[in-house]
Amino acid sequence: MLTKSSTELVRQQNSALVLAALRRMGPLSHTDISEQTGLASATVSAITAELERAEVIEKAEQQAHSGRGRPRVLFAQRRNSGFLIAVRISSDVVQYSLVDYSGRLIDRFEDARNSKVAGTRLFADGFLEALDRLISRSRLDKSQVLAVSISSKGTVDADGRRLLWSPVFGGEQIDFASLLQPEWRAKVTVNNETLLVAQALGMKADTGGGGAFRALAALSLGHSIGLGIARKDRFGELEVTAPNFGHMLHAANGCLCRCGSFGCIEASAGFYGILRTAFEVPPDTIPAKFVPLAEIDKIAASARQGNRMAGYAFRQAGLALGNGLSRVLSLYDRMPIFITGQGTRYFELLKGGIDEGLEQSHEVRLQGRPEISVIFDEQRLVFDGHLDRALTDMDHDIAAFRPLPTGGDTT
Ligand SMILES: [Zn+2]
């Protein structure tokens, strides 16, 4: 016989299944929910009724396609059940987006980041002010924001609260969770940007792949180099990680990296690495803090016109990437690779080196070259990754903590 607590667990699990189906597929009818979740019709009725009472989902009527017959009743997330703020920190701007529980973008603005003004304190003040501005523009209260999801390039602490090292702040750490407490009740997560890209691509491949999806890697090229890996685990759940690929060793005693080590992949393949090789600057020269895209465009133009050193710089960058990817494939498994980021505009210059770097490994000679695709709209993927992760987390929390105490909602 089931004890009370295991009944409660089953109920939570079933609620999570229903919310996950709506998240994955959009609005669904009672029959669709039953099909998608494998739950019996009566169970679906009980769960949806309960979620409606808790004001988490709502019913809407949809006219039948033929225009005749009874309208279909569809269940969907109730938009103002909770809100998410997604923050994308890049080297020159910080983008703030406000999203409702159904995943719809409500408001967005960008603040320029003055890279000359150092110090995390100043950034933290601007960050808090921007969050206040974002919710007051939509007349929301802090208590209605259930999640703040932050992304940046760099290394994130395992607990997802702190940025340990980033190209933007260096080794200066910001504990975002502490920064927002106690005023905000929102769950704060910090994510590596390329992890979010892999998350978005993985979700898409998994939903559209008819159960065939196993793994993929996302490689982001720019001032810094990021890698995200999305894999299905033993239980069929999507597991996404961001190994410290950019600062993985490429060559012993190699070029000086922005992180202070020698020979990292980024030291050859990041924009400053390409600049250094193209201009034959000694490889131990301290990396430029920021290289304008126009500079790399010039080197690319000269490489396309046949300039030997410029072409060589891109080839060396490609080689570092190809070698690095071959190691990833040796450690994990064969998987398709999606290349994103500003560096994709030079892909045809990097490609030769990437192939050469891949082919040097036993793994690739044995299994063949992995499938490589280029995706230009990285920002969209980062945003989709924010939504996938944060809203799924929200669904889990709602399923686990419901029924919510009444009177907590100030709307
Ligand atoms: Zn490094």
Task: Fraction of antiparallel bridges per DSSP, the chain only, in percent to nearest 5 - done: 65
Task: Distance histogram for the range 81-185 (every C-alpha pair counted, 10 angstrom bins, percent rounded to whole numbers) - done: 14, 49, 32, 5, 0
Task: Overall Cα dimensions of the range 180-277 - principal axes, largest extent first, Å - done: 44, 44, 22
- [ ] Could you please put R214, R369, R70, R276 in sequence from largest to smallest accessible area, using a 1.4 Å probe?
- [x] R70, R214, R369, R276
Open item on the list: Charges at C-beta only: +1 for Lys and Arg, -1 for Asp and Glu. How large is the resulting dipole of the chain about its Cα centre, in Debye rounded to 20?
Closed with: 440
Task: Built amide H within the under 5 Å cut-off of H223, gap 5+ - done: F271
Task: Amide proton proximity set for F290, modelled H, under 5 Å, gap of 5+ - done: none
Open item on the list: Over the Cα atoms of the range 1-133, each weighted equally, I'd like the Debye log10 I(q)/I(0) at q = 0.12, 0.19 Å⁻¹, rounded to two decimals.
Closed with: -0.66, -1.03
Open item on the list: Restricting to DSSP loop positions (anything but H, G, I, E, B) with no more than 16 other Cβ atoms inside 10 Å of their own Cβ, which trypsin sites (Lys or Arg not before Pro) remain in the range 93-169?
Closed with: R104, R113, K116, R139
- [ ] Once you have all Cα-Cα distances for the range 208-376, histogram them in 5 Å bins from zero and send the whole-percent values.
- [x] 2, 9, 18, 21, 20, 14, 9, 4, 2, 1, 0
- [ ] Report, to the nearest whole %, how much of the accessible area of the chain belongs to carbon and sulfur atoms, 1.4 Å probe, protein only.
- [x] 52
Task: Sites R121 and A20, calculated FRET efficiency, Cβ-Cβ separation with R0 41 Å, nearest 0.05 - done: 0.55
Open item on the list: Averaged across orientations, what area in nm² does the convex hull of the alpha carbons in the chain project?
Closed with: 24.6
TODO: Give me the distance in nm between label points sitting 7 Å out from Cα along the Cα-to-Cβ direction at D397 and R369, one decimal.
DONE: 4.6
Task: Over the range 2-77, relative contact order from alpha-carbon pairs under 8 Å, at least 6 apart, % - done: 30
TODO: Would you mind checking which residues have amide H under 5 Å from S29's amide H? H placed 1.01 Å from N; only 5 or more apart, or other chain.
DONE: F75
TODO: Find how much the distance from A60 to S29 grows on full extension, using 0.36 nm per residue of separation minus their present alpha carbon separation; answer in nm with one decimal.
DONE: 10.2 nm
Task: Distribution of pairwise C-alpha distances over the range 312-404, 10 Å bins, in % - done: 15, 34, 25, 15, 9, 3, 0
TODO: List the equivalent ellipsoid semi-axes of the range 2-77 in whole Å, largest first, each obtained as the square root of 5λ for an eigenvalue λ of the Cα gyration tensor.
DONE: 26, 12, 11
- [ ] Quickly estimate the mean residue ellipticity at 222 nm for the chain, helices only: each DSSP H run with n ≥ 4 gives -39500 (n - 2.57), and the total goes over all residues, rounded to 500.
- [x] -13500 deg cm²/dmol
TODO: Return the whole-Å distance between the Cα centroid of the range 343-402 and the Cα centroid of the range 212-279.
DONE: 11
Task: the range 262-274 - phi-based ³J(HN,Hα) in whole Hz, Karplus 6.51/-1.76/1.60, Gly and Pro as x - done: 10, x, 5, 4, 4, 5, 9, 9, x, 4, 5, x, 5
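List the trypsin sites (Lys or Arg not before Pro) in the range 48-98 that DSSP assigns to loop (not H, G, I, E or B) and whose Cβ has at most 13 other Cβ atoms within 10 Å. Which are they?
Here the trypsin sites (Lys or Arg not before Pro) that fit, given the DSSP loop and packing criteria, are R68.
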TODO: Considering only lysines 8 or more places apart in sequence, or on different chains, count the pairs in the chain whose C-alpha atoms sit under 19 Å apart.
DONE: 7
Open item on the list: Just to verify a number: FRET efficiency for V281 and Q379, C-beta to C-beta distance, R0 = 25 Å, to 0.05?
Closed with: 0.20
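The values are calculated or read from the model by the stated rules, or taken from the named source; none is laboratory data. Fair warning: this is a prediction, and the values are worked out from it, not measured in the lab. We place every Cβ from the backbone using ideal geometry, glycine too, and count neighbours over all the protein chains shown. Quick note on the areas: whole protein, heavy atoms, side chains included, nothing else; ligands and nucleic acids left out. Shrake-Rupley method; radii C 1.70, N 1.55, O 1.52, S 1.80 Å.
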